[in-house]
Amino acid sequence: MAEVVTRGTGRVERTADRAEVQVSFETTGSSRTEAVTALTERVAAVERVLASVEVRSRQLFVHDNWNGRRRAGSRASQQYTLRVDDLAVLDELLGTLVQAEPAWLNGPNWQLKDDADAVREAQSAAVADARRRAEGYAEALGAKLGPLHRISDGDTETSWAPERAMVGYGGAPGAGPQMDQLNLEAQQIVVSVRCAGTWTLLD
C-alpha cells in the first residue's frame, strides 16, 4: 500500500509578558579591596530596587589591571540578570539602573511566562499544514488520502518577531533618562512547531 510523507509547520504569535534585563556595574581602585568597596557602594542603591523583580543571577569579577608588566590598580564588576514579570515596573526599573551609571545594560529581552498554549496551537496548525500537503499529493496522483499512519515531532522554536526593541547603555553620564520615550513595548513572540506525518494513499 502506497504512503505519502509530508511535513507541516505551525506558527503562532503571542505578546511577550516577561522581560529579562542584563546589567553590569564596574569600579576601580588602587587595590582589590578598594575596588570592591567602591563597587559595594555603587550597587547598594541598585539592590534596594530589586525587590520587585527576580534576580536570576549575580556574578562578581575582581582582577588586577596591568600596564605592561606593572600592576596598575584593580577592577571589580558585578553582573546581574534580572527577570521582570510585572511589565508595568519595567520603565522605572530601567531608569533607575541607568541613573546608577552601569558599565553596560542590555535589554529588555522579551519572553513568555508560559508557552504551553501557544505550542499546542502551533502543533494543531502544523498537523493541518501537513494534512493539506498530503491531500495535494493524493489529488495529484488520482488517489484518496487515507488515515494517518505515523507522525513525528520536529523542532519547536521560540523567536522574536521583527522590530524587536532593545536598549544598550554604555555608562555616559547625564540627566535622568526618559525611558518611556524609548517605546520599549512588549514585542511579539513567535512559536514555531514542525512535524512530519505519514499518510496512507487509497486507490
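The values are calculated or read from the model by the stated rules, or taken from the named source; none is laboratory data. This is a predicted model, so every value here is computed, not measured. With ideal geometry, Cβ positions are generated from the backbone for all residues, glycine too; neighbour counts draw on all protein chains shown.
Overview of results
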item	result
Near pairs, Cβ below 7 angstrom, 6+ apart or cross-chain, from the stretch 81-102 (farther than 18 Å from residue 42 by Cα) to any residue that is small (Gly, Ala, Ser) and not in a strand (DSSP E or B)	86/52; 87/186; 89/52
Of the criteria (1) in a helix (DSSP H, G or I); (2) surrounded by 15 or more Cβ atoms within 10 Å (Cβ to Cβ); (3) assigned by TED's automatic domain parsing to the domain that holds residue 11; (4) touching a residue at least 12 places away in the same chain (Cβ under 8 Å), which one residue 124 fails	(2)
Sole residue being surrounded by fewer than 15 Cβ atoms within 10 Å (Cβ to Cβ), on the phi < 0 side of the Ramachandran plot and either at pLDDT 95 or above or in contact with a Lys or Arg (Cβ under 8 Å, 6 or more places away or on another chain) (or both), chosen from 54, 26, 20	54
Test: residue in the stretch 74-82 that is in the same structural domain as residue 26 (by TED's automatic domain parsing), over 28 Å from the mean Cα position of the chain (by Cα) and of a type in the set (D, E, K, R)	yes
Residues that are outside any helix (DSSP H, G or I) and among the hydrophobic types (A, V, I, L, M, F, W, C), drawn from the stretch 49-92	49, 53, 55, 60, 61, 62, 66, 72, 76, 82, 84
Unique match (being outside any strand (DSSP E or B) and closer than 24 Å to residue 5 by Cβ) among 139, 101	139
Subset of the stretch 166-195 (residues that are of a type in the set (A, V, I, L, M), buried (at least 17 other Cβ atoms within 10 Å of the Cβ) and modelled with pLDDT under 65)	179
Residue check, residue 139 at pLDDT 70 or above, assigned by TED's automatic domain parsing to the domain that holds residue 195 and surrounded by 13 or more Cβ atoms within 10 Å (Cβ to Cβ)	no
Condition check for residue 76: modelled with pLDDT under 95, more than 30 Å from residue 150 (Cβ to Cβ) and not hydroxyl-bearing (Ser, Thr, Tyr)	no
Only one of 21, 98, 36, 46 that is within 21 Å of the chain's Cα centre (by Cα) and farther than 24 Å from residue 159 by Cα	98
